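Quick notes on the structure that follows.
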Amino acid sequence: MPQLRIVVLVKQVPDTANVTGDAMKEDGTVNRAALPAVFNPEDLNALEEALRLKVRHGARVTVVTMGPPAAVQVLRESLYRGADEVILLTDKAFAGADTLATSYALSLAVRKLGGCDLVLCGRQAIDGDTAQVGPQTAEKLGYPQITCVSRIDELVAPADVAHGAVTATRSIEGGFETLASSLPCLLTITGEANEPRPASVKLVMTYKGIAAEAMPDYDDTYLDPESDAAEVCMLGRDGKPVCRAKVVQWDHLALEADREALGLRGSPTRVKEIESVVLAQSEARMVEADEAGVAALVHELIEEHILG
Ligand SMILES: Cc1cc2nc3c(=O)[nH]c(=O)nc-3n(C[C@H](O)[C@H](O)[C@H](O)COP(=O)(O)OP(=O)(O)OC[C@H]3O[C@@H](n4cnc5c(N)ncnc54)[C@H](O)[C@@H]3O)c2cc1C
């Protein structure tokens, strides 16, 4: 029975809660060295959804990130939570990519993995905040997409129904919408979907400090317990042997990418400037906490076209 394949796209982001003066370089790209790096919050929710589907359906969870070598840290953190396979796309050629160039590289990585049944990613990253990479990656893969998913209602694996199917509920303005799609499909996951699990001590001890290794040709036999290339490092919750993962590193040559479609060269968008906007408190006044007080406030907000 073919195993369900789930690919999760995660991003290491500058902690935008601490933007400082030297956050941007002259060429309009982010000065990552100036800001602490964190796991993009909604990508942790996407990973959590993948790990829950793995428990329910039995799946291989592969995590992919594109970033500087230091982005290996989000892959370690994915292994600490139970990911089976992790891929680091790192190369000067990828630097300065806008969403078009980023989604191109990510779609090539999914293709190099041989495609999959489900791609999960965060709704948006807290630095670029465009929410564009998920939909663009789906477009490049020719996969249907459901965005802003706050709950995966049902997943039917391809083994049970031709192509398989997924039903998911998304948060939309003023309510929710439930959509169904055949597989493969790409979903973008919101922060409402779940409470991400913490790292497991056993997995931290297993993968602490694991380094990336260049493996230009995709060979996943090290994940097959039957193969000599595999090293079983523990038994999973289902009692099955778990093979020690590697951090597989790919550059643009390994992806057989068109160099002109990558990084700054492949990016029609330029970020001119970013600044942190601090809303200064101009005036304050007390509103009576009674019906009349609230009614007067609502009336005023409607008058000022803030409400209604
Ligand atoms: C302040 C600022 C403004 C920007 N504005 C634009 C803009 O208007 N247009 C534009 O094209 N680019 C813009 N960029 C560049 C953009 O940030 C990068 O292209 C970035 O790699 C992807 O866009 P995003 O951060 O908006 O991600 P989003 O589209 O918000 O990310 C959505 C999801 O895609 C996945 N994902 C995103 N990046 C990666 C990655 N590197 N590796 C793996 N998965 C990933 C994650 O699951 C993430 O949750 C901006 C950057 C900054 C810092």
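Let me spell out the model: positive unit charges on the Cβ of Lys and Arg, negative unit charges on the Cβ of Asp and Glu, origin at the Cα centre of the chain. What dipole size does that give, in debye rounded to 20?
That gives the chain a dipole magnitude of about 1120 debye.
I need the per residue convex hull volume for the stretch 5-261, using only the alpha carbons, in cubic angstrom as a whole number.
That works out to 134 Å³ per residue.
Which angle between 0 and 90 degrees, to the nearest 10, do you get for helix 291-303 versus the longest principal axis of the chain when only C-alpha atoms count?
The angle comes out near 80 degrees.
Roughly how tilted is helix 41-57, in degrees to the nearest 10 and between 0 and 90, from the longest Cα axis of the chain?
50 degrees
Quick check: the angle from helix 72-81's long axis to the longest principal axis of the chain, C-alpha only, nearest 10 degrees?
For 72-81 against the chain, the angle is about 80 degrees.
Need the full-extension length gain, Glu303 to Glu177, defined as separation in residues times 0.36 nm minus the C-alpha distance. One decimal, nm.
Gain in length upon complete extension: 42.2 nm.
Dividing the convex hull volume of the Cα atoms of the stretch 199-308 by its residue count, what figure in Å³ per residue is obtained?
Once divided by residue count, the hull of the stretch 199-308 is 341 Å³.
List the longest stretch of the chain that has no exposed loop site; here a site is one of the trypsin sites (Lys or Arg not before Pro) assigned by DSSP to anything other than H, G, I, E or B, with at most 14 other Cβ within 10 Å.
26-207
Given a 1.4 Å probe and the protein chains all in place, what does the accessible area of Tyr143 round to, in Å² to the nearest 10?
Answer for Tyr143: close to 30 Å² accessible.
How much length would be gained if the chain were fully extended between Glu154 and Ala34, taking 0.36 nm per residue of separation minus their Cα-Cα distance, in nm to one decimal?
39.0 nm
Under the rule that an exposed site lies in a DSSP loop and has at most 15 other Cβ atoms within 10 Å, name the longest stretch of the chain with no GluC sites (Glu not before Pro) of that kind, not counting the sites themselves.
Longest gap between qualifying sites, sites excluded: 27-172.
Mind running the shape call on the stretch 120-235? Use the C-alpha gyration tensor, a ≥ b ≥ c as the square roots of the eigenvalues: rounded below 1.5 for a/c, prolate if a/b tops b/c, oblate otherwise.
The shape class here is prolate.
Using a basic spin-label model with each label point 7 Å from the Cα along Cα→Cβ, how many nm lie between Val232 and Gln3?
Taking the simple label geometry, Val232 and Gln3 are separated by 1.4 nm.
Express the relative contact order of the stretch 5-261 as a whole percentage, based on alpha carbon pairs under 8 Å and six or more residues apart in sequence.
After rounding, I find 21 percent.
Give, in nm to one decimal, the length gained when the segment between Ala70 and Arg270 is fully stretched (0.36 nm per residue of separation minus the Cα-Cα distance).
Difference between extended and current length: 69.7 nm.
Is the stretch 177-219 rounded, prolate or oblate when judged by the Cα gyration tensor, a ≥ b ≥ c being the square roots of its eigenvalues, rounded requiring a/c under 1.5 and prolate requiring a/b larger than b/c?
Cα axes put the stretch 177-219 in the oblate bin.
Count the lysine pairs in the stretch 5-261 whose Cα atoms sit under 17 Å apart, keeping only pairs 8 or more residues apart in sequence or on different chains.
8
When a/c is below 1.5 the answer is rounded, else prolate if a/b is larger than b/c, else oblate, so apply that to the stretch 205-270 with a ≥ b ≥ c taken from the square roots of the Cα gyration tensor eigenvalues.
Verdict is prolate for the stretch 205-270.
The values are calculated or read from the model by the stated rules, or taken from the named source; none is laboratory data. Keep in mind the model is a prediction, meaning the values are calculated, not measured. Cβ atoms come from the backbone with ideal geometry, glycine included; neighbour counts cover every protein chain shown. Side chains are part of the model used for accessible areas, which takes the heavy atoms of the whole protein and leaves out ligands, DNA and RNA. Shrake-Rupley method; radii C 1.70, N 1.55, O 1.52, S 1.80 Å.
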